[in-house]
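The structure appears below as structure tokens.
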Amino acid sequence: LPQGPSAEQLTRDYQGLEANQSKMKETLRMAKARTTVLENENAKVKKQMKVLLSKGDTDNQLVDELRSQLKKKDDALYTARQHLEATASDAALSRVTVAQPGTARGQMSTQMMPTARGGMGGGMNSATTFGTSDDGSAALQSEIDHLRRENRRQQELIDRQEKTIKGLRDEKRGRPARSGAGVQGAGIY
């Protein structure tokens, strides 16, 4: 008669299987715990992404509004420049006088001054001022200078915000932000 495994052998096998089963149960318990942690992290990341996308939309709206304001200031600068050119031209014509001191009686004399159209002294640039005694021209020049400074400041602000948004979008897509992208402390709030 063939002999089967002995009782001792069966007991050892049974104990080995029980130990293996408890190891497998522990592994399963740890896997479930890890799955729960990963699901919680995934939910947190999804929430942060929603916030980031919402902020991105808000940033886009802000950039659009700043561009609109910049366009309005550019238009105001253009209008002020045209008005200043017209005022300077009128002032140049009004400086033609009869018999100024040092000229013969009855002779016409014209004071030379820069004109916006490239006449005496060259064209208009940011350093050109029109030496008129008219306070309106000085005020217009001051306003133009102010608008130029404001225009430059807002353009720099828009450029920085666009770089920040681009960096955040690259970061969101898993690409590292390019150097110079201006993403400083762009963590998710």
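The listed residues are LEU93, LEU77, and the only one of them that is over 24 Å from THR164 (Cα atoms), surrounded by fewer than 10 Cβ atoms within 10 Å (Cβ to Cβ) and either of a type outside the set (Phe, Trp, Tyr) or at pLDDT 85 or above (or both) turns out to be LEU93. With the requirement that a residue be aliphatic (A, V, I, L, M) and open to solvent by 70 Å² or more (accessible area, probe 1.4 Å), what does the stretch 6-47 give you? Passing the criteria: ALA7, LEU10, LEU17, MET24, LEU28, MET30, LEU38, VAL45.
Close Cβ contacts (under 6 Å, 6 or more residues apart or on different chains) running from residues in the stretch 43-54 that are in contact (Cβ under 8 Å) with a residue 12 or more places away in the chain to residues that are hydrophobic (A, V, I, L, M, F, W, C) and surrounded by 11 or more Cβ atoms within 10 Å (Cβ to Cβ) comprise GLN48/ILE188; LEU52/ILE188. Of the residues in the stretch 58-69, at least one is in a helix (DSSP H, G or I), at pLDDT below 95 and small (Gly, Ala, Ser). Among residues belonging to the stretch 48-62 that are under 16 Å from the mean Cα position of the chain (by Cα) and of a type in the set (D, E, K, R), point out the one that is least open to solvent (accessible area, probe 1.4 Å). In this case the residue turns out to be ASP59.
The values are calculated or read from the model by the stated rules, or taken from the named source; none is laboratory data. Remember, predicted model here, so these are calculated numbers, not experimental data. Note: ideal-geometry Cβ built from the backbone for every residue, glycine included; neighbour counts use all protein chains shown. Accessible surface areas use protein heavy atoms only, side chains included; no ligands, DNA or RNA. Shrake-Rupley method; radii C 1.70, N 1.55, O 1.52, S 1.80 Å.
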